[in-house]
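Peer 1: Submitted below is the structure of interest, expressed as structure tokens.
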């Protein structure tokens with residue numbers, strides 16, 4: 001793959017992931033003002049103790065931040081690289097104090113795993129499926145250069161991507177089994193619906209709050225976005241598997257727009273359209 005082609009591919013990824021969303025909902029799609037955390041990060045509060053943090057510098061990548069009890073915060077996904085992850089952890093410590101933090105890598109791409117090294121420096125308990133850990137180990141170096149070439153040679157984004165520290169999650173679960181985390185008065189479920197955006201994408205569901213972090217397999221815009229590791233023929237069936245959850249708040253992997261269960265239907269429709277092309 002030529003450098004020019006890589007740059008075009010990553011530029012297309014940026015355009016697709018930060019574009020205007022096509023799905024809106026009364027529950028979660030209404031306009032919300034994002035609050036600045038730092039030079040790179042903003043957040044909205046969906047519900048009490050339930051936040052979506054967006055990495056504005058790198059494709060508006062979203063991270064779910066949820067205080068699950070007085071002593072524990074759960075993260076789904078990650079900022080793109082070390083500096084964003086450091087900014088996130090400093091905000092968490094300011095807001096919640098010296099709590100236990102659990103982070104779930106939702107897939108092997110950088111917006112699922114890129115902050116692991118910083119997470120570990122802050123004592124975060126990192127989890128991923130066995131397949132995510134394997135793919136991350138195999139392909140992290142390739143993606144470091146692929147992503148960097150999507151930015152100008154003298155840009156700070158390229159410099160920060162190339163400086164990113166590789167670190168796999170410290171704990172793993174069987175992908176097909178998923179993982180249940182139990183807290184004082186509620187649970188969080190990590191569920192593998194099947195391949196879609198990537199072969200290993202998992203979602204994180206908070207049943208008491210009816211919040212589903214769908215990550216990069218959920219698309220609220222006009223296309224499926226980056227398809228470099230996608231399984232387009234399987235995507236619709238995998239998204240259909242998410243109908244098992246009662247969803248009031250659906251969080252995609254990128255962008256400021258949230259949805260409800262209608263976002264699952266929209267994703268299914270996009271996947272079916274893409275399969276016919």
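Peer 1: As an exercise, use a Förster radius of 25 Å and the Cβ-Cβ distance of residue 49 and residue 171 to find the FRET efficiency, rounded to the nearest 0.05.
Peer 2: Using R0 = 25 Å, I get an efficiency of 0.55.
Peer 1: Gain in length, residue 223 to residue 138, computed as 0.36 nm per residue apart minus the alpha-carbon separation, to one decimal in nm? Each step should come with its number before you reach the end.
Peer 2: Values: separation 85, 0.36 × 85 = 30.60 nm, distance 2.78 nm.
Taking 0.36 nm per residue and subtracting the Cα distance, the gain is 27.8 nm.
Peer 1: How fast does the chain diffuse by Stokes-Einstein, in µm²/s, taking the Kirkwood radius from C-alpha pairs at 20 °C and 1.002 mPa s?
Peer 2: It comes out at roughly 117 µm²/s.
Peer 1: Could you list 251, 92 so that the one with the fewest beta carbons within 10 Å of its beta carbon is first and the one with the most is last?
Peer 2: Going from sparsest to densest Cβ surroundings: 92, 251.
Peer 1: If you don't mind, another one. With labels modelled as points extended 7 Å from the Cα through the Cβ direction, what inter-label distance (nm, one decimal) is found for residue 163 paired with residue 248?
Peer 2: 4.2
Peer 1: Give me the Å³ per residue figure for the convex hull around the C-alpha atoms of the stretch 40-138.
Peer 2: On the way: hull volume 8.7 nm³, N = 99.
For the stretch 40-138, the hull spanned by Cα atoms encloses 88 Å³ per residue.
Peer 1: On to the next question. Let me know the Rg and Dmax you get for the stretch 174-221 when you use only its Cα atoms, in Å.
Peer 2: 11.6, 37
Peer 1: Now for a different question. What does the extension gain come out to for residue 130 and residue 265, with contour length at 0.36 nm per residue minus their alpha carbon separation?
Peer 2: Gain in length upon complete extension: 45.7 nm.
Peer 1: When ranked by the protection proxy of mean other Cβ atoms within 10 Å per residue, highest first, what sequence do the peptides 165-171, 108-114 form?
Peer 2: Taking the mean over residues of other Cβ atoms within 10 Å, the ranking is 108-114, 165-171.
Peer 1: A further question on this structure: Using the count of nearby Cβ atoms within 10 Å as a rough guide to exposure, how do 54, 61 rank from fewest to most?
Peer 2: 54, 61
Peer 1: May I pose another question? Going 7 Å from the Cα of residue 70 along its beta-carbon direction, which residues of the stretch 89-109 have the amide nitrogen within less than 20 Å of the resulting point?
Peer 2: Taking a point 7 Å out along Cα→Cβ of residue 70, the residues of the stretch 89-109 whose backbone N falls under 20 Å are 93-102.
Peer 1: Got a sec? How would 187, 57 order by Cβ neighbour count within 10 Å, fewest to most?
Peer 2: Values: 187 13, 57 20.
The order, fewest Cβ neighbours first, is 187, 57.
Just so you know, all these numbers are worked out from the coordinates, no wet-lab data involved. Every value quoted in this text rests on a predicted model; they were computed, and no experiment measured them. Ideal geometry is used to build each Cβ from the backbone, glycine not excepted, and the neighbour counts take in all protein chains shown.
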